[in-house]
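Structure record follows, encoded as structure tokens.
Only the coordinates and a few stated rules stand behind these numbers; no lab work does. If you're wondering where the values come from, they're calculated on a predicted model, not measured in any experiment. Counting neighbours? That spans all protein chains shown, and the Cβs are built from the backbone with ideal geometry, glycine included.
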Amino acid sequence: MARTKAVRLSDIGEKLGVSTVTVSKALAGQKGMSEELRRKIKETAQEMGYVPNASRRGSTEKQSLRIGLLVAERYLDKYVSFYAHLQQLVAAEAAAKDCSTLLEGISYEKETGAVQPDIIRDGLCDGVILIGRVFTPYLDMLSGLNIPTIYLDFTDRTRYEDAVISDGFYGAYSLTNYLFSCGHREIGFVGTLLATSSITDRYLGYVRSLMEHDTEVRKEWVIPDRDRETGERDIERFFPLPKKLPTAFVCNNDMTAALLIKKLRARGVSVPDDISVVGYDNFIYPGVCDIGITTWEVDTREMAKRAVHNLLHKLRGENYRRGIVVVGGRLIKKESVITR
């Protein structure tokens, strides 16, 4: 005999054209809607045979929820990526909260075609954490599904979804200040501007430091590292080195820093003897670079914790810090910088 599929909050919301959060609040007797809408939601839930998880498992237990994790496959390259690491931390944090997670990689075709994720289409999750920015049509599609969502490690200027990000502006600002304190006055930046919000934030932190040190941004020292649309990094296609090099570079992440070091060495330039290089994240696959890269360590565990915490509160209709949550970090000094 086939097992009857349990009715979820999102099923009720979809039928009535309201969000899962609204359904959750109505059934929990919380404020924020008209009595007419509350009555309609409760009647629909009863008609559809909705049974709260807490009722099935005992009224003293909190409702166990299912979290969908979405990440674009283009971020999951041949090395263990920063986003794969972040996804593992989110899954561990969710498990600690007695919640299940299901990961779906978004192929380039599904991303560009704005194809609905399988885990949402098949009703396998109650809410979603989207790890890393995806193309705008995909964000538009996701926003139209009325499923509670948290953006992790990016924001979008066209919509007001809750997000958790690292403090890229202050991190890059601090890294650039550190290079100035080491005697560097000619400092470049490596990262494709506007490719992601995090790269742009880090560039702006770099610019602020230059301004405070009465130093102009030199256009030829702002070097793209990837394709703006696909995110592909290639030291042959990108990383165009100018004839006159600065004495130091701020890179938007550690992998980019490692690729830059490789490109500089191919030109006969030694790091750090000739040029100092700093990265960001304090995350790189072992063996990619043979020297330690001075970097800004992102508190990925705290980012994962905040993302799960906010999504669960959002799903349960509880109070939480809405909007953008910015998580700090710290400077990690390694081998790629010398004092001039």
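Label separation (ASP156 vs LYS243): 4.4 nm, computed from points 7 Å beyond Cα along the C-beta direction. Ranking of PHE189, PHE238 by neighbouring Cβ atoms within 10 Å, starting from the fewest: PHE238, PHE189.
Other residues within the sphere of radius under 11 Å centred on the Cβ of ASP126, judged by their own Cβ, net out at +3 (K and R +1, D and E -1).
Checking the a/c ratio against 1.5 first, then a/b against b/c, what shape does the Cα gyration tensor give for segment 168-297? Because its axes are fairly even, with a/c under 1.5, segment 168-297 counts as rounded. Dividing the summed helix terms, -39500 (n - 2.57) for each DSSP H run of n ≥ 4, by the number of residues in the chain produces a 222 nm estimate of -11500 deg cm²/dmol to the nearest 500.
Between ILE324 and ASP234, the contour length at 0.36 nm per residue exceeds the Cα-Cα span by 29.2 nm. Specify whether the C-alpha gyration tensor of segment 89-158 places it in the rounded, prolate or oblate class, a ≥ b ≥ c being the square roots of the eigenvalues: rounded for a/c under 1.5, otherwise prolate if a/b is larger than b/c and oblate if not. It is prolate, given that a/c is not under 1.5 and a/b is the larger ratio. Fewest-first ordering of GLU73, GLU229, GLU35, GLU111 by other beta carbons within 10 Å of each residue's beta carbon gives GLU35, GLU229, GLU73, GLU111. In the chain, the DSSP beta bridges split such that about 10 percent are antiparallel, to the nearest 5.
Using the Cβ-Cβ distance between LYS15 and ASP227 with R0 = 41 Å, the FRET efficiency computed as 1/(1 + (r/R0)^6) comes to roughly 0.50.
Between ALA6 and LEU102, the distance separating the two model label sites (each 7 Å from Cα on the Cα→Cβ line) works out to 1.2 nm. In this Cβ point-charge picture (+1 for Lys and Arg, -1 for Asp and Glu), segment 168-297 has a dipole of about 340 debye about its Cα centre. Apply 1/(1 + (r/R0)^6) to the Cβ-Cβ distance of SER143 and ARG208, taking R0 = 30 Å, and write down the FRET efficiency to the nearest 0.05. Rounded to the nearest 0.05, the efficiency is 0.40. GNM on the chain, alpha-carbon springs under 10 angstrom: the most fluctuating residue among SER34, SER198, SER174 is SER34. Arranged from fewest to most other beta-carbon atoms within 10 Å of their beta carbon, TRP221, TRP296 become TRP221, TRP296. Potential lengthening of the chain between GLU35 and GLU220 amounts to 60.5 nm, from the contour at 0.36 nm per residue minus the alpha-carbon distance. Figure legend: label point modelled 7 angstrom from the Cα of LYS333 along Cα→Cβ; residues of segment 157-201 with amide N under 19 Å from it are 171-185. Is the shape of the chain rounded, prolate or oblate, going by the alpha carbon gyration tensor and its root eigenvalues a ≥ b ≥ c, with a/c under 1.5 for rounded and a/b larger than b/c for prolate? Prolate, because a/c is 1.5 or more and a/b exceeds b/c.
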